[in-house]
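The values are calculated or read from the model by the stated rules, or taken from the named source; none is laboratory data. Here the structure is a predicted model, which is why all the values come from computation and not from measurement. Every residue, glycine as well, gets a Cβ built from its backbone with ideal geometry; the counts of neighbours run over all protein chains shown.
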Amino acid sequence: MKKLAFLLGVFLLSLTTMAQQTIFPAQHLAPEEFNTGTVHISVVSHSEHQMTTNFLFEKGSRNSWHYHPNATQVLMVLDGEGYYQEEGKDKQLIRKGDVIVTAPNTRHWNGATPDSSIECLTVTDIVPGEEHAVQLQKVTDEEFNSPVKAGEKLVRLAEIEVVPEFLEEYMAFAKEVGKTSVKVEPGVLTLFSMQTKEDPCKIYILEIYADQEAYQSHIQTAHFKKYKEGTAKMVKSLKLIDVNPLAGMIR
């Protein structure tokens, strides 16, 4: 009976592993010679003109510095977050939905962050007579752990409609998270709430963050999660509007 239970446990564990499937196949391990950490890879399609490859970089893993001779590569982030860097430029943080176009002969590398895996799909031109990629030196720990350059400020307008019976309770949650966020998070520059005179249940919040990284950090904090979970039943609708501030309009 114990043996049966053990085998059942192993089977369930295998199902859990299988459940962590990538969007496209990535069932082969990339060679250690050109990668650091565990990198899964599969060629999705290969024609005379292009090759499409799917990668899954486990936490902390990355490929080596390399370039594609006379070929353009498009990298699309399907899930997770990671890093991308070109020679002579700052390392970038990349996330699901990001698209990176690498020019021919540009030395670069990419991989996962220490805390997140990343799945990427690459489409690379095939140039007759040229190698697909020329592998260079491995990415050092110093390069991998170098700081990510701060990006431009993220300015957003949240348009919220609150269920009338929860308005007072919602405002208490909003006031608490706004005050705490600005006080303890250097990257949260402004959280300014407003109600329309015509309908107090329509709330607008002007949100200004130091950069995208600051916003991502903000939504992972305990005080934001408390607000999000506590007001879930109170919010009838939510719309996030990214805006560009107009220079010279505000003193």
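With the requirement that a residue be surrounded by fewer than 15 Cβ atoms within 10 Å (Cβ to Cβ) and in contact with an Asp or Glu (Cβ under 7 Å, 6 or more places away or on another chain), what does the stretch 216-244 give you?
K236, S237, K239, I241
Among the residues of the stretch 107-145, the ones that are out of contact with any Asp or Glu (no Cβ under 6 Å at 6 or more places or on another chain) and among the basic types (K, R) come to 1 in all.
Count of the stretch 126-176 residues, restricted to those that are under 24 Å from G187 (Cβ atoms) and outside any helix (DSSP H, G or I), is 16.
Results for (1) touching a Cys at 6+ places or on another chain (Cβ under 6 Å); (2) at pLDDT 95 or above; (3) among the hydroxyl-bearing types (S, T, Y), shown as yes or no for each residue.
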{"residue": "T102", "(1), (2), (3)": "no, no, yes"}
{"residue": "T106", "(1), (2), (3)": "no, yes, yes"}
{"residue": "W109", "(1), (2), (3)": "no, yes, no"}
{"residue": "D115", "(1), (2), (3)": "no, no, no"}
{"residue": "T124", "(1), (2), (3)": "no, yes, yes"}
{"residue": "E130", "(1), (2), (3)": "no, no, no"}
{"residue": "A133", "(1), (2), (3)": "no, no, no"}
{"residue": "Q137", "(1), (2), (3)": "no, yes, no"}
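Checked against the criterion of being in contact with a strand residue (DSSP E or B) (Cβ under 8 Å, 6 or more places away or on another chain), assigned by TED's automatic domain parsing to the domain that holds A158, among the polar types (S, T, N, Q) and farther than 27 Å from K96 by Cβ, the stretch 183-194 contains one or more residues that satisfy it. Can you find a residue that is at pLDDT 90 or above and within 30 Å of G37 (Cβ to Cβ) anywhere in the stretch 152-167? No, the conditions are met nowhere in the stretch 152-167. Selection of the stretch 98-120 for residues being loosely packed, with under 15 Cβ neighbours inside 10 Å and more than 21 Å from T36 (Cα to Cα) yields V99, V101, A103, P104, N105.
Being within 22 Å of the chain's Cα centre (by Cα) and buried (at least 20 other Cβ atoms within 10 Å of the Cβ): is that true of R95 here? Considered against the rule, which asks whether it is within 22 Å of the chain's Cα centre (by Cα) and buried (at least 20 other Cβ atoms within 10 Å of the Cβ), R95 comes out as no.
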